[in-house]
Each structure stands twice: as C-alpha cells, then as structure tokens.
1. What pairs can you find where one residue is in region 261-285 and part of a loop (DSSP other than H, G, I, E, B), the other is modelled with pLDDT under 95 and open to solvent by 30 Å² or more (accessible area, probe 1.4 Å), and their Cβ atoms are less than 6 Å apart, with a gap of 6+ or different chains?
2. Sort through 136, 109, 153, 124 and tell me the only one that's assigned to a loop (DSSP other than H, G, I, E, B) and modelled with pLDDT under 95.
3. Name the residues in region 165-184 that are assigned to a strand (DSSP E or B) and open to solvent by 10 Å² or more (accessible area, probe 1.4 Å), would you?
4. Could you tell me whether region 141-153 includes any residue that is farther than 24 Å from residue 200 by Cβ and without any contact (Cβ under 8 Å) to a residue 40 or more places away in the chain?
5. Search region 88-108 for residues that are more than 18 Å from residue 156 (Cβ to Cβ) and open to solvent by less than 30 Å² (accessible area, probe 1.4 Å) and pair each with any residue that is at pLDDT below 95 and not in a loop (DSSP other than H, G, I, E, B) when their beta-carbon atoms are under 7 Å apart and the residues are at least 6 apart or on different chains.
6. Of the conditions (1) hydroxyl-bearing (Ser, Thr, Tyr); (2) over 16 Å from residue 224 (Cα atoms); (3) surrounded by fewer than 19 Cβ atoms within 10 Å (Cβ to Cβ), residue 159 satisfies every one except a single condition; which number is it?
7. Within region 222-242, does at least one residue satisfy the condition of being in a strand (DSSP E or B) and in contact with a Pro (Cβ under 9 Å, 6 or more places away or on another chain)?
8. Which residues, taken from region 268-282, are crowded, with 22+ Cβ neighbours inside 10 Å and either touching a Lys or Arg at 6+ places or on another chain (Cβ under 9 Å) or among the polar types (S, T, N, Q) (or both)?
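The values are calculated or read from the model by the stated rules, or taken from the named source; none is laboratory data. It should be emphasised that the depicted structure is a prediction, and the values quoted were computed from it without experimental measurement. We place every Cβ from the backbone using ideal geometry, glycine too, and count neighbours over all the protein chains shown. Quick note on the areas: whole protein, heavy atoms, side chains included, nothing else; ligands and nucleic acids left out. Shrake-Rupley method; radii C 1.70, N 1.55, O 1.52, S 1.80 Å.
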Amino acid sequence: MRRRGWLGAITVTVVASAAAAVEPVTGGPEIDYQASVIRSDDDGARIVVFERLAPATYSGDLWLTRSTDDGASWSTPAPIIATGANERHPALLQLAPSSYVLFYLKGTGGLSTYRLWRATSTDGIAFTEQAPLDLGWPGGGEINPHVVRHADGTLTMSYQRGSAAYVAQSNDDGATWDTQRTQIAGDALLPRLAYRESDGLYLASYQVNPGNNALQMFVKTTTDPHDWSGAAQDFAPEGNNHDSLPVVMPDGAFALFWIRAAGSGFDVAVRRSVDGANWAEAVAITDTPDQDDVEPHPLVGTSATSVELYWGRDDPAGSMTYDIVRQADVPVMVVDTIFADGFDAG
C-alpha cells in the first residue's frame, strides 16, 4: 500500500518522555486503515470511523466503533457505509447536539468516477448517505476529503483532484459548498487543514512526489481560504514522508503529525509551531522498525502538550493485517531529551 524506504539522510531523533502504552481499537486479520476520531459532546463517547479494505483490491467500506469508557473497551465494529463501490478516507465531525456528519470518497472503476459524499447521523452510530458534493467540477475525480469546523459553524474542506490540492467552504453543515475550485498547490497529494480561531490562520499540509517516490512534506499558511499564493515551506524535505495531519492545540500552537520511513515500514512523528512557519525539532512517537505505523489522527483534549493519538499499525510490517491502535497520552513537544553523550544540554 505504501512504498517502503529508508530515510535518505542521517537525522537526529528527539525522543519524547515515556507515555501510555499502545492499545488496540480493532483487531483480527482484516485490513483496518485510516481512522477518523471524535469525542462526542452528547455522551463523551469516542467514535472512530475507519476503512476496512478488501485484501485483493484495497476497495473499502466504512466501519464504526465506539468507546464509552475512555478507550478502555470498544464496541464490535459495524459497517456504516458499505456498498459495491469503493468508500474510503472518512472525515467525521460533530456539528451540534445529536448532529453528526461524515465526508468520504466514493466511486467505482477509474479515478474519474470518484466523488466526495456526505452522510449524516443523529446518534453517531447509524449514518444516512446524502447526495455527492457539487464542488464546481464538470465531472468526478475528487478524493481524500479533510474537514474542519469553525466556531461560527463554517466548514472548510481540503481535498485532492488529480495531483493538485484544493479547498472549499460550506455554511450549511456541508450540504452545499462554494464552487470556486480554489487551489492550495498544483503539485500536492493528500492535503489536510487546520484553522486557528484566535487570528484566522489556516495551515495546510501536503505531500509531494519529487519523482522517486520518496515523498516530501510541505506546508502553507494563509488568512484567506481563497488565496494560497504564498510560498510553500519545506516541512520534511529528506527521506520518505506521508500522511500529514495538522491540528491546533489548546494553547493556540499548531501540531503536525506525519509518518516517515524507517526499517521495513513507517514511524509516526510530530512537530510543533506557534506561527506555522518556525517548527520545533521532530518528536518521535513510534520507533518500531518491524511494524508499519500509518495515518495518525490526533484527538485534541484540554492539554497543551499532549494528545490522544489513533493510527493504523501493521504487525509485522508487510503482513497486511492493519489494525487501528491508540495511545492515550502522546507528547507533542519535548519533555525529556535523551542525548547521545549522556550530558545535559545546559
């Protein structure tokens, strides 16, 4: 599913202080991948929607599991969007009490058949599929939605069409979207967004293939969602980097999670920035050369220094038996640094 590779340069690894153990959310021989997670404002339940993929084709359906005891146990996963089409890349949000919305890609056959779809729910358990989204394009081809909600209810969505990244906004809970086809970047894969309410700053992250399948990571910022003309910043120029996802922490700082190749798979890392331009050293979250850790999805709480993190893990790497796992307390900044020479850095 991903091109395996070694990091292309020697790097210094910054190690966060010890955190909680990695815990399973799903299990078994199925390919469970690409989780989207929220904490319900109705009952506090953690709700995880993920892809379950067919081994022969990697065609997916969307499944759901819930936890009402802070992640200690999970309900038996159940399909919520499952047809003969390929349904992948869920983006789950809660809009209001008893009001949930799910965005995803859906299509059959070639890429031109894919559209972005929306489903709604009143209980965060059963979802009703609505119509495909009209984003102003004459035909299909949109994939990989990621959606953030503003305090005033506006939804901002990044998505990919071809090898370019775009953004659109909705003022009616995602039923309709602007059709301006605003481009974030022309050579950009798997774009994701974060939005900071305090100053109206958007941060977009995406990956670029320089031609050798060792992907690089870039970020852009703007205060105008329909103007991304500013210069892109090289976020992870070395090695093989995938699956970025930025969030805003309670103190207003950005935290950007992504994966980087290591051993026979990938490991999860995070960097923190106050302004979206100057980034701290990478913090290694996983160091598992025999496992493949992919698609990190943070659940931000009240802590300014840590998150609850969900991701897909293939154990051992290459077995194609991905499960969704979680870690309850993952630092996003260095608490204790381990120095190779054993001396303090004072």
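1. Close Cβ pairs satisfying both conditions: 263/289; 264/4.
2. The match here is 109.
3. Answer for region 165-184, where residues must be assigned to a strand (DSSP E or B) and open to solvent by 10 Å² or more (accessible area, probe 1.4 Å): 166, 169, 182, 183.
4. Yes.
5. Taking only residues 6 or more apart or on different chains, the pairs are 107/113.
6. Condition (3) is where residue 159 drops out.
7. No: zero hits.
8. Within region 268-282, 268, 269, 276 meet the criteria.
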